[in-house]
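Enquirer: Dropping the structure in here first, questions after.
The values are calculated or read from the model by the stated rules, or taken from the named source; none is laboratory data. As the structure is a computational prediction, the values presented were derived from the model and not from experiment. Methodologically, a virtual Cβ is constructed for each residue, glycine included, from the backbone with ideal geometry; neighbour enumeration extends over all protein chains shown.
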Amino acid sequence: MNYHSKIPTESESNKSDSLFRQISLGGNEFLMDKFIFSQAVGVYLRKPTRDTENIYHRWGLYYRAFNNGLVCVNLKAHRHVADILDFRIGYTW
């Protein structure tokens with residue numbers, strides 16, 4: 001499979017308004033002491049390519065490591081296919 005075919009060329013990107021996606025996202029979070037479990041469902045309102053489903057879900061687990069800091073792992077999937085697994089380190093004030 002040619003993965004480069006999913007990336008729009010310059011002429012294709014001029015045909016679409018932009019390469020930016022517009023998404024509507026809704027979900028909830030479960031607070032459990034130092035852990036936060038989040039789940040959300042997203043719908044693409046606008047996207048330049050048709051390579052994935054229009055609906056996706058995102059699952060996350062946050063851990064408050066200290067007073068203002070947190071560590072997180074998130075999984076984004078389209079139906080049963082995992083798309084992105086990301087790790088985050090954050091600071092809140």
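Matching residues to (1) at pLDDT 95 or above; (2) charged (D, E, K, R); (3) over 17 Å from the mean Cα position of the chain (by Cα); (4) not in a loop (DSSP other than H, G, I, E, B):
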site	(1), (2), (3), (4)
I23	no, no, no, yes
N28	yes, no, no, yes
S38	yes, no, no, yes
V41	yes, no, no, yes
Y44	no, no, no, yes
E53	no, yes, no, no
N74	yes, no, no, yes
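Enquirer: Among (1) out of contact with any strand residue (DSSP E or B) (no Cβ under 7 Å at 6 or more places or on another chain); (2) surrounded by fewer than 13 Cβ atoms within 10 Å (Cβ to Cβ); (3) among the basic types (K, R), there is one condition R46 misses while meeting the rest; what is its number?
Expert: Of the numbered conditions (1) out of contact with any strand residue (DSSP E or B) (no Cβ under 7 Å at 6 or more places or on another chain); (2) surrounded by fewer than 13 Cβ atoms within 10 Å (Cβ to Cβ); (3) among the basic types (K, R), the odd one out for R46 is (1).
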